[in-house]
Amino acid sequence: MDRKWIQAALVGTCAAAVALVLWMAGTFDLWEFATWRWRAEFFSAPGAATEKIKLILVDQNSLAWGEKENGWSWPWPREVYGPIIDFCARSGAKVVVFDMLFTESSLYGVDDDRALAEAINRAPAFVVPLSLGKKSGTVKTWPREVPRRLRLQSDNIDQWLASGSCREAAMPGAAFPVPEVCASSAILASVSQEPDFDGVFRRCHLFHLFDGRITPSLGMAAFLAGKAAETSRAGSAPADARQPGEHAPVESGEDPGTGPGNGEPAPPGEGSCPPQEMTLRRGSLDVAGRTVPTDDSGKAVLRFRGPAGSYETFSAAAVIQSELRLREGLTPVLENPEVFRNCYVLLGASASGLLDLRPTPVGRVYPGVELHATMLDNLISGDFLAEAPKWSCVLTVLLLSILSSILVVSGKKAWQSALVAGVFLPIPGIIGFAAYPMGYWWPIILHQAAVTASVAGGVFINYSREGRQRAFIKKAFRYYLSPAVIEKILQDPAKLELGGERRELTIFFSDLQGFSSISERLDPHSLTTLLNDYLSDMTDIILEEGGTLDKYEGDAIIAFWNAPADQPDHARRACRAAIRCQMKLEERRDEFLQRTGASLHARIGINTGPVVVGNMGSRKRFDYTVLGDAANLASRLEGANKVFGTFTMVSEATWSRTGGEFSGRELGLLRVVGRKTPVRVYEPVGPHDSDTEKELEPFRRALEAYYARDPAGALAILSGLPDDPAARAYAARCQSLADHPDSPWDIVWNLKEK
């Protein structure tokens, strides 16, 4: 389980890392914008200041009325806007904002421009746009003759500029309104806004920089003008007491503003109001008692109040007619002449032919003036959205990814993993939607991608665990185990303890006699072919008997039984394999003799005992092998065949477990190199057979005489077995003992070499 958790944690970490890289590269932006639309639409609702913002729209009906009743083609004569401004003043509007550019002289002559300027002078605080752009506008410096009624300044503008946050806010070119409008009491504001890369407006610049000076955006200028009007109202005539044609004082109609961004004195002709201080930080902006969160580019994230038409809207034609009828003492078209009292009134265009429609998250067709109204609304209410800090996103991505992956792999059953996946997959969306009303824009797709990848990784770990285990076992053991043994392990993988376990095994060692001299006589190809043929024959027999092939060491074969699967008859299997290997080699001995010029004989040693078996080696490369004294003894018995001239030798521990299945004989007591305790050894010669038993009887009687310290009696029997190598070895030893009767009698054969 610990290993699974580590794997799951790694999967979660990798998923989080990949998701974060893709997020920072902007790969998720389009998907994130889709969730932006869902959230903006779901949570759009009027704010605290929504009802204080009114829109006057030049809509399609207004254009039709102007054309039909007055013969006005677009653009309208500028004197037409006079009644609109006068009605706003009559109604008691706090601030009037025009979202219309007057950068070109009127088609109707200079008197038309002067008529608009006179109307502006009669208005309450009035905001009119200038056009700032990177590629548009021929003016590169702020004209000395153009006053700035609303001035902003910041002591740390230079540091903010150096941070790179305001590259999009800096504008090198400008187009100012005609001189008549500039000379009036109008407040100039930037109307320029850039959409996100997909063309949708979700954020806004609160100000722009032109000629090193801070120019508020239309919504910001309206907000500051309104704040100034509130603070100066006590010292001036109330807005509702002024009649059309009466000039509003500069102090009451215009907000404090700044001159140059570095705090220079205001140029001649500018208002005498003190500049409005603004503090810029990376991630926020403080102005007029508001702290507005900003993104990395210095933009504020808008909180939309709803689709187009969320603000109370009035047709420009209706407003014009109402003012004209009031002047004549008639009933206005608008039933309530004070409908704009203490409100921010914004004039803009909504007719499709006027090209002032913008795509937003709450609607693909959204009047540009309503975009500025949303900015103003957010400023008054102080509820701009704040982007979630990047460090918090990194932490939550890592936490959700790692936790989801670990919990998925912790499920022992499929339904448990599915339950975890069902709980975690919706979490990013839930958090994203929950964060919105709290004022935070939380990236859903980033977290969703990381969690989805982590859950998928965890499910893959779970569902592939069995498959990987089966594949691992088959791949690792198909050359070492018989198919029957592999199937047993697949049915019960617990039998395979990869870390190593202690259990009783029967270990098999074999080696070709004189192979070094044979290899010297053969070319590499012939030697390789010979070795492959021999090892294939021997390995097939071992695997058929259910053995586990440990390794090849040149011509040597190491194998064992009773691991990884349980084999209660492991000793019999090993002995049967040894007998069959000797018989197979006997069948091919003449063939191998012709190929090598030498007779091939294999020596085999077998022992049974406790060892440690399992995967051993480095973390990157390991073998399924055995370690222990019992394995060492099997190796020694293989070499001990040289003493008796035999080719198969098994220990008493193995022979006692064969249950009389094989015919064989005891060879004696051996003390191998590295062991003090002697071991009794045997030679199996074939399946149990009465004739074979009779043939082995003389040697047994000779061995009994040897153990009884009767060398003469043993020699008498052994002399009748001239073709038996083991009998010859004992005869030589008995003769030596007979020739030296006074020498110590030791029935144990002490080996001097391995």
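The values are calculated or read from the model by the stated rules, or taken from the named source; none is laboratory data. Computed from a predicted model, the values in this text were never measured in an experiment. Note: ideal-geometry Cβ built from the backbone for every residue, glycine included; neighbour counts use all protein chains shown. For accessibility, only protein heavy atoms count, side chains too; no ligands or nucleic acids. Shrake-Rupley method; radii C 1.70, N 1.55, O 1.52, S 1.80 Å.
Give the residue that is least open to solvent (accessible area, probe 1.4 Å), with candidates limited to residues of segment 376-407 that are among the aliphatic types (A, V, I, L, M) and outside any helix (DSSP H, G or I).
To start, the set of residues in segment 376-407 that are among the aliphatic types (A, V, I, L, M) comprises 376, 379-380, 385-386, 388, 394-395, 397-400, 402-403, 406-407.
Retained after the next criterion (residues that are outside any helix (DSSP H, G or I)): 385-386, 388.
On the way: LEU385: 1, ALA386: 19, ALA388: 17 Å².
Out of the qualifying residues, it is LEU385.
Pick out the one residue from GLY432, GLY422 that is part of a helix (DSSP H, G or I) and modelled with pLDDT under 90.
GLY422
Inspect segment 605-613 for any residue being open to solvent by 80 Å² or more (accessible area, probe 1.4 Å), under 29 Å from THR658 (Cβ atoms) and not basic (Lys, Arg) and give the result as yes or no.
The answer is no; no qualifying residue exists.
For segment 45-84, which positions are in a loop (DSSP other than H, G, I, E, B) and either touching a strand residue (DSSP E or B) at 6+ places or on another chain (Cβ under 7 Å) or open to solvent by less than 30 Å² (accessible area, probe 1.4 Å) (or both)?
GLY47, ALA49, ASP59, TRP76, PRO77
Scan segment 708-720 residue by residue and report those that are open to solvent by less than 60 Å² (accessible area, probe 1.4 Å) and either assigned to a helix (DSSP H, G or I) or under 20 Å from ALA640 (Cβ atoms) (or both). Before you say what the answer is, go through the steps one by one.
Residues of segment 708-720 that are open to solvent by less than 60 Å² (accessible area, probe 1.4 Å), as a first pass: 711, 713-715, 717-718, 720.
Listed by number, the residues that qualify are PRO711, GLY713, ALA714, LEU715, ILE717, LEU718.
Which pairs have Cβ atoms under 6 Å, sit 6 or more apart or on different chains, and link a residue in segment 216-227 that is within 17 Å of GLN153 (Cβ to Cβ) to one that is part of a helix (DSSP H, G or I) and open to solvent by less than 10 Å² (accessible area, probe 1.4 Å)?
Cβ pairs passing all conditions: PHE223/LEU376; PHE223/LEU379.
Give the residue, chosen from ALA476, ALA471, ALA373, ALA484, that is modelled with pLDDT under 80, in contact with a strand residue (DSSP E or B) (Cβ under 9 Å, 6 or more places away or on another chain) and either surrounded by 22 or more Cβ atoms within 10 Å (Cβ to Cβ) or in a helix (DSSP H, G or I) (or both).
The unique qualifying residue is ALA476.
Within segment 532-564, take every residue that is open to solvent by 10 Å² or more (accessible area, probe 1.4 Å) and of a type in the set (Gly, Ala, Ser) and give me the one that is farthest from ARG502 (Cα to Cα).
Among them, the one singled out is SER536.
Condition (residue is over 13 Å from the mean Cα position of the chain (by Cα), closer than 26 Å to ALA435 by Cα and of a type in the set (A, V, I, L, M, F, W, C)) applied to segment 47-66: is it met by at least one residue?
yes
Any idea how many residues of segment 330-339 are loosely packed, with under 15 Cβ neighbours inside 10 Å and in contact (Cβ under 8 Å) with a residue 12 or more places away in the chain? Give the derivation first.
Step one: of segment 330-339, the residues loosely packed, with under 15 Cβ neighbours inside 10 Å are 330-331, 335-336, 338.
Okay, now just the ones that are also in contact (Cβ under 8 Å) with a residue 12 or more places away in the chain, so 338.
Going through segment 330-339 one residue at a time, the tally reaches 1.
Pairs only if they're at least six apart or on different chains, beta carbon under 8 angstrom, first in segment 508-532 and closer than 27 Å to THR654 by Cβ, second in a helix (DSSP H, G or I) and open to solvent by 60 Å² or more (accessible area, probe 1.4 Å); list them, first residue then second.
From residues that are closer than 27 Å to THR654 by Cβ, there are no pairs.
For segment 500-507, state whether one or more residues are modelled with pLDDT under 90, surrounded by fewer than 16 Cβ atoms within 10 Å (Cβ to Cβ) and either part of a helix (DSSP H, G or I) or hydrophobic (A, V, I, L, M, F, W, C) (or both).
no
Please go through (1) open to solvent by 30 Å² or more (accessible area, probe 1.4 Å); (2) touching a Lys or Arg at 6+ places or on another chain (Cβ under 8 Å); (3) of a type in the set (A, V, I, L, M, F, W, C) for LEU10 and return the number of the only condition it doesn't satisfy.
Of the numbered conditions (1) open to solvent by 30 Å² or more (accessible area, probe 1.4 Å); (2) touching a Lys or Arg at 6+ places or on another chain (Cβ under 8 Å); (3) of a type in the set (A, V, I, L, M, F, W, C), the odd one out for LEU10 is (2).
Any idea which residue in segment 292-315 is least open to solvent (accessible area, probe 1.4 Å), counting only those that are among the basic types (Lys, Arg) and touching a strand residue (DSSP E or B) at 6+ places or on another chain (Cβ under 8 Å)?
Taking segment 292-315 as the starting set, the residues that turn out to be among the basic types (Lys, Arg) are 299, 303, 305.
Retained after the next criterion (residues that are touching a strand residue (DSSP E or B) at 6+ places or on another chain (Cβ under 8 Å)): 299, 303.
Working: LYS299: 8, ARG303: 36 Å².
Taking the candidates together, the pick is LYS299.
Of the conditions (1) surrounded by 21 or more Cβ atoms within 10 Å (Cβ to Cβ); (2) at pLDDT 90 or above; (3) of a type outside the set (D, E, K, R), PHE210 fails just one. Which one is it?
(2)
Determine the pairs where a residue that is more than 16 Å from PHE699 (Cα to Cα) and of a type in the set (A, V, I, L, M), located within segment 730-749, has a partner that is part of a helix (DSSP H, G or I) and at pLDDT 80 or above with Cβ atoms under 7 Å apart, the partner being 6 or more residues away or on another chain.
These pairs meet every condition: LEU737/PRO711; ALA738/PRO711; ALA738/ALA712; ALA738/LEU715.
For segment 20-33, which positions are in contact (Cβ under 8 Å) with a residue 40 or more places away in the chain and hydrophobic (A, V, I, L, M, F, W, C)?
Within segment 20-33, LEU20, LEU22, TRP23, PHE28, LEU30, TRP31, PHE33 qualify.
Could you look through segment 734-754, keep only residues that are in a helix (DSSP H, G or I) and not small (Gly, Ala, Ser), and pick out the one that is least open to solvent (accessible area, probe 1.4 Å)?
Ranking the candidates gives CYS734 first.
Restricting attention to segment 614-633, which residues are part of a strand (DSSP E or B) and either open to solvent by less than 40 Å² (accessible area, probe 1.4 Å) or out of contact with any strand residue (DSSP E or B) (no Cβ under 9 Å at 6 or more places or on another chain) (or both)?
GLY614, ASN615, TYR624, THR625, VAL626, listed by residue number.
Counting just the residues of segment 340-370 that are open to solvent by 30 Å² or more (accessible area, probe 1.4 Å) and under 23 Å from GLY226 (Cβ atoms), which one comes out farthest from the chain's Cα centre (by Cα)?
ARG341
Would you call ALA8 in a helix (DSSP H, G or I), out of contact with any Leu (no Cβ under 7 Å at 6 or more places or on another chain) and more than 30 Å from SER315 (Cα to Cα)?
Yes.
Results for (1) in contact with a Pro (Cβ under 7 Å, 6 or more places away or on another chain); (2) closer than 15 Å to GLY298 by Cα; (3) part of a helix (DSSP H, G or I), shown as yes or no for each residue.
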{"residue": "VAL127", "(1), (2), (3)": "no, no, no"}
{"residue": "LEU132", "(1), (2), (3)": "no, no, no"}
{"residue": "GLU145", "(1), (2), (3)": "no, no, no"}
{"residue": "GLU180", "(1), (2), (3)": "no, no, yes"}
{"residue": "GLN193", "(1), (2), (3)": "no, yes, no"}
{"residue": "VAL200", "(1), (2), (3)": "yes, no, no"}
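From the residues in segment 656-693 that are within 60 Å of the chain's Cα centre (by Cα) and open to solvent by less than 70 Å² (accessible area, probe 1.4 Å), which one is nearest to ASP569 (Cα to Cα)?
It comes out as THR658.
Please determine whether any residue of segment 523-539 is part of a strand (DSSP E or B), modelled with pLDDT under 95 and charged (D, E, K, R).
No, segment 523-539 contains no residue that is part of a strand (DSSP E or B), modelled with pLDDT under 95 and charged (D, E, K, R).
Taking GLY289 as meeting all but one of (1) modelled with pLDDT of 95 or more; (2) open to solvent by 30 Å² or more (accessible area, probe 1.4 Å), write down the number of the exception.
Every condition holds for GLY289 apart from (1).
Under 8 Å between Cβ atoms, at least 6 apart or on separate chains: pull out the pairs that start in segment 634-662 with a residue that is under 19 Å from LEU751 (Cβ atoms) and assigned to a loop (DSSP other than H, G, I, E, B) and end on any residue that is open to solvent by 40 Å² or more (accessible area, probe 1.4 Å) and not basic (Lys, Arg).
These pairs meet every condition: GLY645/PRO725; THR646/PRO725; PHE647/GLN513; PHE647/HIS601.
Suppose we filter ARG580, ARG576 for residues that are more than 56 Å from the chain's Cα centre (by Cα), in a helix (DSSP H, G or I), at pLDDT 95 or above and more than 22 Å from GLY554 (Cα to Cα); which single one remains?
From the options ARG580, ARG576, the qualifying one is ARG576.
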